[in-house]
Each structure stands twice: as structure tokens, then as C-alpha cells.
1. Can you send over the carbon and sulfur percentage of the accessible area for the chain, probe radius 1.4 Å, protein chains only?
2. In debye to the nearest 20, how big a dipole does the chain give about its Cα centre with +1 on each Lys and Arg Cβ and -1 on each Asp and Glu Cβ?
3. In Å², what does the accessible area per residue of segment 137-239 work out to with a 1.4 Å probe?
4. For segment 190-312, what does the relative contact order come out to in percent, with C-alpha contacts under 8 Å and a separation of six or more?
5. From Cα pairs below 8 angstrom and at least 6 apart in sequence, can you work out the relative contact order of segment 42-106, rounded to a whole percent?
6. What relative contact order, as a whole-number percentage, does the chain give when Cα pairs under 8 Å and 6 or more residues apart are counted?
7. Calculate how steeply helix 275-285 sits against the longest principal axis of the alpha-carbon atoms of the chain, using the helix alpha-carbon long axis, and give the answer as 0 to 90 degrees to the nearest 10.
8. How big is the Rg/Rh ratio for segment 227-286, C-alpha atoms only, Rh by Kirkwood, two decimals?
Amino acid sequence: MTDHQATAAFRRARDLLLANSDDLEAASRAFEWPDVGDTFNWAIDHFDAMAAGNDRTALWISEEDGRQTRISFAEMARRSDQVAGHLADLGVQRGDGVLLMLGNQVELWESMLAVMKLGAVIMPTTTAIGGEELADRITRGHARAVIANAADVGKFEEVPKEVLRVGTSDAAGWQPYAPAYDRPAQPFRTATAADDPLLRYFTSGTTSRPKLVQHTQVSYPVGHLSTMYFLGVRPGDIHLNISSPGWAKHAWSCFFGPWNAGATIFVYNYSRFDAAALLAQIRSAGVTTFCAPPTVWRMLIQSDLSGGAGGLREAIGAGEPLNAEVISQVEHAWGLTIRDGYGQTETTALIANTPGSPVKPGSMGRPVPGVRIALVDPVTGRQGDEGEICIDLRQGRPTNLMAGYLDDDGVILSADDGADGTEDYYRTGDLATRDADGYIFFVGRTDDVFKASDYKISPFELESVLIEHPAVAEAAVVPAADALRLAVPKAFVVLAPGWEPNRETAYAILRHAREHLAPYQRIRRLEFGPLPKTMSGKIRRVELRRAEAAAADAAHPDAAHPQEWRDEDFPELRAT
């Protein structure tokens, strides 16, 4: 297959999804993952082809101080060719791992394209990590080069000297990035194999040590056609996504998803989150599609939404399940329904409330085109309407599934797991239920679901009720040891502004939970305080569970939680 044929195959699949952007049933019937042949390079075969003579804005960065940077598609293609040539001159070769520790700046986008054009392997990394973890990532990810800003040079002191350093710093041992712009922009035509490695991502590590995910030249770029469909982004849109560089969601929604469609990526850089300032940017820039994690949506609904949604057509939540209360408040204020979806670092979008589909409160939607989802009982291995979310591989492996996990020796380990030793399913580790209409409802991580009084408890279901109370900004529910019931639900709560962590507030929240939950689900303990999170912002319930287990084993367990309130502390509660 020629480069032109690969481009045409990709475009046909993309255009089919765009033509059926508001008809999931039609898209699912007609869509097949495109066969792009044995060689494929998205940066060349799609992006450069789309960018040729294209003066529309590809990247628009708005700074907090009012500065604006706009780069056209044609200019982005040219700049990435220059950077690719510069990196090649410095010794970066096909197959080399290149760690990118950059913020939301033009260099990030042009470097990702450049590394791709070289046939090297992109390793996006957050600037929030320290030197020890950084050295571990470089070692485990087999990085041969790094690109970083001057502010982060000190973090690389423990990195092996043979690793090529490229950056904005003139520190000893660092090669300057800027000379890339002085060289001629000669187009690259690297013929990468479709199954060559393209990206290595560390998972967020909500329950264990972060795993190292490897994606191919096809699994992420082509796979993100499903993300484009989930976002509802179209050619000419202005798309804003709130996520930090270094995490998979940034590549989902700030790179592949919008640029698969030919949309403008809009970025707003701020030092501290300000809901009013973000809303002003959305309105002034004419943002049409907006994606944000539940934490941001929760902060937005606590601000003034009366100014309207500007030119927004699509409102999207991603990263964690979105509580129904948040969806309801935005719908009431703006007339827009927040659509959320589901996927992992190991995949692209798998399940979603897609444009044009009715949204059921609490549901993450239905499988996106090209993905076969099965709910499998973790014990018996039988399919049903309740179980672990799995990708059904029995009729073939979907394009948007990773190659596997990279172990410390650089060997790819498959994550597929069939009870009979065959690769029947890819198991996500998340539990869900499915209704008669095919809508899937998140229950929780397999590690997070627990039993209380012999009833199965879904933390997410209880947290969704808690978040409906105006005092609750965020909540996490875990089991707490109990002499009678063995375990009872305990809520850790972050309060909304204006609420005090006192008896009155605890009573109000516990009463609200009592009125809206079944007796076996009742929150029987409550503690105020911050929630432990991963660097990507996901709640680490595993740490809360460990703390509760340690407190139960302590000589004086009550002393371990001085801010804890129990339902037995409120005789008036038991009387209701």
C-alpha cells in the first residue's frame, strides 16, 4: 500500500464517522477500522497531507496575561520538519525513546510530530514529577533522549550521562533546541511499520505501581478516531480540553482527537484555576467543543454560569465518572448536556455518550464504533449484564488497543487474558452493569467495590449521592472496619467553599445520605479533609483503604481519626 493509499483509507474511515456524528447506530453498523497497510506514519500520512497549503489555525495558545500564539497547520508541519531534522542531526534515530517534559507550549506539539516523523518513540511526561521518579521512568522506558525546559534541568542530575539532553537551557551537557528553527524545513518521509512503537505512557497508578503502556504507530493515531467520535469534534471546530501534558488524556483531546478531524486545538494556560476566567476564555475564543475532568466541572457549577455557554456545541467530561448532579446543573444553566465516556491509557475511547444519543443519568453510554464490549463475571468468566468491562477479542483485536505493557527488560507483555489460555478478552479492571437499552453504568474498580453487611457496595454510587449535597465538593467512599457488620461505608469529604468541618455540617451530610440511600448503603462514618490523588488528579482510594485498615489495627483506633463523625454521634439522625 502506498502512502497515498494509507492516507485515503484513513480519511474514508474518518469521514464516515463525521458523516454519522449524531447517529451511533448508523456509525456502528458501517464503521470498520481502516487498513492502512504495513507501513504508516500519522504525522506524515495524515497531518502533513492535511496541512499542505492549509492556513487555518492548528494550535491556539492563550496565556493568562493576554498573550496569544496561533500556529497554522502548514506552519506546524514546517516547524515539525525542522525539529525532526535538528533531532536527527543530534543523533536521535528510529526506535529511540524520547522523553518529552514540556508544558502547554508550541514546542510540545511540534516535538511530538517531529519524534513521530523520525520513527522514534514519544514518552510524554508531566513536569510535576521529581528527579528520582524521572530517572526511574527514563530507565524503565528505555529513553535515549529527553526534551525539557530550563526550569526542569535540575531534575535530570540522576539521569545517565549517555542520555541526550535537548532543551531551552544552556546548562552544561544540554544541546539547544532553538537552532532547529534555523535549518531548512525538508519534509521527512520515514517509512515506519504499522506495528512499530510510537508512544510509551505510564498509567496513573490509582491502585498500584504505574504500568508502562506501549502503543503503536496505528493503535493511538488511528485508534483515536473513536475519541474524535466521542468528542463530537468536527473540521473547523475550536476545541478546548483541560488536562496536563504528560498524561494520556492530553494526547486524546489535545492532539489526536481534534487533529484527526482537522479542528483547532485551543489551550488556556493559567497559574491557578479560576472558573470565571476560564468561562471568559471559552466565550471570547468561540470555543465550540469543551472537555474537562469532573473536578473542573464541579468547580464550574460552584461559580456563576448565568453568562451562558458562548458558542459551545459540545460539553464533555472525561477522566473519571461524572456525577449526575453536575450534569443536571449544567443542563439547567446552559441547556447543554455534558456527555462523558470511558477509556484507559491502554486504549482510546471505548464507551461513550455520543452526540445525538439520549443521555441516561449515571451512564457512561454505549460502545463506540469499532469496539465490542463484554461484561464478564470475574469469577466464572461468563458474559452477562453485570461484570468486569472487557474488550471482546474473539472476532479480532480492535485497532485502538495497546500493543501491551513494557516490562523492565523492554519485553512486551500482553494484557489479554482468556480463562482457557486463549486471548478472549482484554480486561479493564473496572466493573459495570448494562441495562436493556445497552447503556453501561460504572460501578467501580474491582479493587474498590466492597461488602458491608453482606451487601455489595459501589463507592461511585454512594459518592454520586454525596456530591448532590451543596456542602460536598468531592467525596470518596471506602470500607471501615466494624465489629457488627465487619465493614461499613465511610466517606471522606472535601467541603465546598463556605462550609465548616463541624458537627452541624457532618449531620447535614449524613442526613442527606440517609434520605437518599438504601439502608444497607448508609454512610455510617464521615471524615473531612483532603483526598489523596495521583498526579493526574484521580482519587487514590487505595490509600484511604490502607489508612482505615491501619487505624483498625491500632491500639486506640478512635485516636487515628480525630475529624471522624459517626452516625451514632447523632441521636437525632437515628430518630429520622
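1. The computed percentage sits at 48.
2. About 480 debye.
3. It amounts to 39 Å² per residue over segment 137-239.
4. Dividing the mean separation by the residue count of segment 190-312 yields 22 percent.
5. 28 percent
6. The normalised contact order for the chain reaches 11 percent.
7. For 275-285 against the chain, the angle is about 40 degrees.
8. Rounded to two decimals, Rg/Rh equals 0.97.
The values are calculated or read from the model by the stated rules, or taken from the named source; none is laboratory data. This structure is a prediction, so every number in the text was calculated from the model and none was measured. Glycine also receives a Cβ, built like all others from the backbone with ideal geometry; neighbour counts cover every protein chain displayed. Side chains included, ligands, DNA and RNA excluded: accessible areas come from the protein's heavy atoms. Shrake-Rupley method; radii C 1.70, N 1.55, O 1.52, S 1.80 Å.
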